[in-house]
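Enquirer: Please read through the structure below; I'll follow up with questions.
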Amino acid sequence: MLRIMNEVDAAGKILESMLAKLGFQVGLEVSENEDGPCLNIITEESAHLIGKHGDRLEDLQYLTNRILCKHYPDAPRVKVDCDHYRAKQEERLLADAKQVAYEVLADGKVRKLKPLNAYYRRLVYNALNEIEGIVKTSPRGDIRYKAIEISKVS
């Protein structure tokens, strides 16, 4: 556990250093959830760090994890959030996906969710596993964003 805390501390230092070089004054909250450690950036300039639909957060997370893994090859993947934006977005996404699944169960019509990256697709798949009577599929291929199709079990 001590080593993991050192790795998470290192990830925090990496993220703070990157943001300082970009001119941002931030604080970090470190938390642990079912997906592993999360670094939540606390700042008054959150819109600049979140970007459009969280794309800058994804980039910050990617860079933080790449640098961390270079120094700690066995480090856990660290999630980067800003003012709990991603946590709120994930809650909304899962609620919407469950609503769509219940609509499919009610009327039997096949529906597609908006295209999602692999992380969000995994979250949706796990959340929809709780609902019996539906089938979830995603297209194969190397595209980054894929739409999950939800249908009723025949």
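Enquirer: What residue among Pro73, Ile134, Ala47 has its Cα farthest toward the positive end of the dipole of the chain, where the charges are +1 on Lys, Arg and -1 on Asp, Glu, each on the Cβ?
Expert: Checked the options; the winner is Ile134.
Enquirer: Just going by the charge dipole of the chain, with Lys and Arg at +1 and Asp and Glu at -1 on Cβ, which of Gln89, Ala11, Gln99 is farthest out on the positive end?
Expert: Gln99
Enquirer: Evaluate the Debye formula for the chain with equal point scatterers sitting on the alpha carbons, no solvent, and hand back log10 of I(q)/I(0) at q = 0.09, 0.11, 0.15 Å⁻¹, in q order, two decimals.
Expert: Here the Debye-derived log intensity ratios amount to -0.36, -0.52, -0.85.
Enquirer: In whole Hz, with x marking every Gly and Pro, tabulate ³J(HN,Hα) for region 126-139 from phi via Karplus 6.51 cos²θ - 1.76 cosθ + 1.60, θ = phi - 60°.
Expert: 5, 5, 7, 4, 6, 9, 7, x, 10, 10, 10, 9, 10, x
Enquirer: Sticking with this one: If you stretched the chain out fully between Gln25 and Glu103, how much longer would it get, using 0.36 nm times the residue separation minus the C-alpha to C-alpha distance? Show your work: numbers first, answer last.
Expert: Working: separation 78, 0.36 × 78 = 28.08 nm, distance 4.50 nm.
Separation in residues times 0.36 nm, less the Cα-Cα distance, equals 23.6 nm.
Enquirer: Please give the length that would be gained between Arg77 and Asn126 if that part of the chain were fully extended, namely 0.36 nm times their separation in residues minus their C-alpha to C-alpha distance (nm, one decimal).
Expert: Details: separation 49, 0.36 × 49 = 17.64 nm, distance 1.86 nm.
This chain segment gains 15.8 nm when fully extended.
Enquirer: Are any of the pairs Lys70/Lys114; Lys88/Lys146; Lys88/Lys114 more than 26 Å apart by Cα-Cα distance, and if so, which? Let's see the in-between values first.
Expert: Values: Lys70/Lys114 34 Å; Lys88/Lys146 21 Å; Lys88/Lys114 17 Å.
Flagged as over cut-off: Lys70/Lys114.
Enquirer: Excluding Arg144 itself, calculate the net charge of residues whose Cβ lies under 11 Å from the Cβ of Arg144, where each Lys or Arg counts +1 and each Asp or Glu counts -1. Could the numbers behind the result be given before it?
Expert: Working: positive: Arg121, Lys146; negative: Glu58, Asp142.
With Lys, Arg at +1 and Asp, Glu at -1, the net is 0.
Enquirer: For the chain, what is the charge dipole size about the Cα centre, in debye to the nearest 20, if Lys and Arg each add +1 at the Cβ and Asp and Glu each add -1 at the Cβ?
Expert: Details: 24 positive and 24 negative charges, 153 e Å.
In total the dipole reaches around 740 debye.
Enquirer: Additional query: Which aspartates and glutamates, if any, have their Cα less than 17 Å from the Cα of Lys136, not counting same-chain residues under 8 positions apart?
Expert: Filter leaves Asp96, Glu103, Asp107, Glu149.
Read-outs: derived from the displayed coordinates by stated rules, not from any lab. Treat the numbers as computed from the prediction; the structure is a model and nothing was measured. Every residue, glycine among them, receives a Cβ derived from its backbone with ideal geometry; neighbour counts consider all protein chains shown.
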